[in-house]
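Participant: I have a structure here, written as C-alpha cells, and I will follow up with some questions on it.
Each reported figure results from applying straightforward, stated rules to the coordinates on display, with no laboratory input. From a predicted model like this one, the values you see are computed outputs, not experimental measurements. Neighbour counts run over all protein chains shown; Cβ positions are idealised from the backbone, glycine included.
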Amino acid sequence: MRIGILTGGGDAPGLNIAVYTLTKLLERRHEVYAIFHGWRGILDREVRRVTSKDLIDLAFTGGTFIRTSRTNPFKDEARAEAFARNLRELGLDVIVAIGGDDTLSAAAQTQARGLANVLVFRRQ
C-alpha cells in the first residue's frame with residue numbers, strides 16, 4: 001500500500017518523532033509518503049516518498065519537518081474536487097493524519113467521500 005503521513009493545525013513538540021516512528025514501522029511492508037503542509041500538500045501535490053533513513057536526523061528535533069497548515073480541503077466544493085482529483089492521481093491508499101479538530105474533520109470527510117482510508121491521531 002501507499003501510505004501518506006501529514007500533520008495539520010498548529011506546530012507542536014513530538015510531531016517529528018511521531019512521523020519518524022510511523023515511517024519506521026510502516027516502511028517494511030508499504031511505501032511511505034510525507035505530505036508536506038498538511039492537507040494543503042495534497043492540493044499543491046507536495047508529496048514525497050520517504051524512508052526512516054531520510055528522517056532520522058530530524059526525528060529528535062521539535063516541531064514538524066513536513067510542516068503543517070490550517071487548510072481544510074472541503075471548505076468549498078471546487079477545492080474539494082481538486083483535492084479528490086489530486087488524491088486519486090497520487091494513488092495514496094491510506095492517509096495518517098496527526099492533528100486537532102479541523103484536521104480530523106477533514107479526515108472524516110476524506111473517508112466519508114470514499115477518497116482514502118484515514119487513520120487519525122488526535123493531538124492534545
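Participant: Could you give every pair whose Cβ atoms fall below 8 Å, whose first residue belongs to the stretch 71-88 and is under 17 Å from His37 (Cβ atoms), and whose second residue is of a type in the set (Asp, Glu) and surrounded by 13 or more Cβ atoms within 10 Å (Cβ to Cβ), counting only separations of at least 6 or pairs across chains?
Facilitator: Asn72/Asp102
Participant: Given the conditions (1) of a type in the set (Ser, Thr, Tyr); (2) touching a residue at least 60 places away in the same chain (Cβ under 8 Å); (3) over 18 Å from Val118 (Cα atoms), which single one is not true for Thr51?
Facilitator: (2)
Participant: Looking at the stretch 104-118, can you tell me whether even one residue there is surrounded by 13 or more Cβ atoms within 10 Å (Cβ to Cβ), among the basic types (Lys, Arg), assigned to a helix (DSSP H, G or I) and in contact (Cβ under 8 Å) with a residue 24 or more places away in the chain? Even if it seems obvious, please write down each step before you answer.
Facilitator: Restricting attention to the stretch 104-118, the residues satisfying the condition of being surrounded by 13 or more Cβ atoms within 10 Å (Cβ to Cβ) are 104-111, 113, 115-118.
From the residues that got through so far, the ones that are among the basic types (Lys, Arg) too are 113.
Filter once more, so that each one left must be assigned to a helix (DSSP H, G or I): none.
No, the stretch 104-118 contains no residue that is surrounded by 13 or more Cβ atoms within 10 Å (Cβ to Cβ), among the basic types (Lys, Arg), assigned to a helix (DSSP H, G or I) and in contact (Cβ under 8 Å) with a residue 24 or more places away in the chain.
Participant: Does Ala80 satisfy the criteria of being buried (at least 21 other Cβ atoms within 10 Å of the Cβ), assigned to a helix (DSSP H, G or I) and not polar (S, T, N, Q)? It would help to see each step written out before you state the result.
Facilitator: On the way: buried (at least 21 other Cβ atoms within 10 Å of the Cβ): no; assigned to a helix (DSSP H, G or I): yes; not polar (S, T, N, Q): yes.
So Ala80 fails the test.
Participant: For the stretch 56-69, state whether one or more residues are in a helix (DSSP H, G or I) and either of a type in the set (S, T, N, Q) or closer than 18 Å to Leu119 by Cα (or both). Break it down stepwise before answering.
Facilitator: Filtering the stretch 56-69 for residues in a helix (DSSP H, G or I) gives 56-58.
Those left that are additionally either of a type in the set (S, T, N, Q) or closer than 18 Å to Leu119 by Cα (or both): none.
No, there is no match, as no residue in the stretch 56-69 is in a helix (DSSP H, G or I) and either of a type in the set (S, T, N, Q) or closer than 18 Å to Leu119 by Cα (or both).
Participant: Can I ask one more? Give the residue that is nearest to Met1 (Cα to Cα), with candidates limited to residues of the stretch 52-104 that are touching a helix residue (DSSP H, G or I) at 6+ places or on another chain (Cβ under 7 Å) and among the hydroxyl-bearing types (Ser, Thr, Tyr).
Facilitator: Ser52
Participant: I'd like to verify a number: residues in the stretch 1-50 that are part of a helix (DSSP H, G or I) and within 9 Å of the chain's Cα centre (by Cα), how many? Walk me through how you get there before you give the answer.
Facilitator: Residues of the stretch 1-50 part of a helix (DSSP H, G or I): 15-26, 40-43.
Add one more test, that the residue is within 9 Å of the chain's Cα centre (by Cα), and what stays is 41-42.
Final tally of qualifying residues: 2.
Participant: Could you run through the stretch 83-103 and say how many residues are under 21 Å from Glu31 (Cβ atoms), part of a helix (DSSP H, G or I) and in contact with a strand residue (DSSP E or B) (Cβ under 6 Å, 6 or more places away or on another chain)?
Facilitator: 1
Participant: Another question about this same structure. Can you tell me which residue in the stretch 51-77 is nearest to the chain's Cα centre (by Cα), limited to those that are aliphatic (A, V, I, L, M) and buried (at least 20 other Cβ atoms within 10 Å of the Cβ)? Steps first, please.
Facilitator: Going through the stretch 51-77, the residues aliphatic (A, V, I, L, M) turn out to be 55-56, 58-59, 66.
From what's left, buried (at least 20 other Cβ atoms within 10 Å of the Cβ): 55, 66.
Working: Leu55: 15, Ile66: 9 Å.
Checking each candidate, the answer is Ile66.
Participant: Do you know which residues across the stretch 1-36 are within 24 Å of Phe83 (Cα to Cα) and either of a type in the set (Phe, Trp, Tyr) or out of contact with any strand residue (DSSP E or B) (no Cβ under 8 Å at 6 or more places or on another chain) (or both)?
Facilitator: Passing the criteria: Gly10, Asp11, Tyr33, Phe36.
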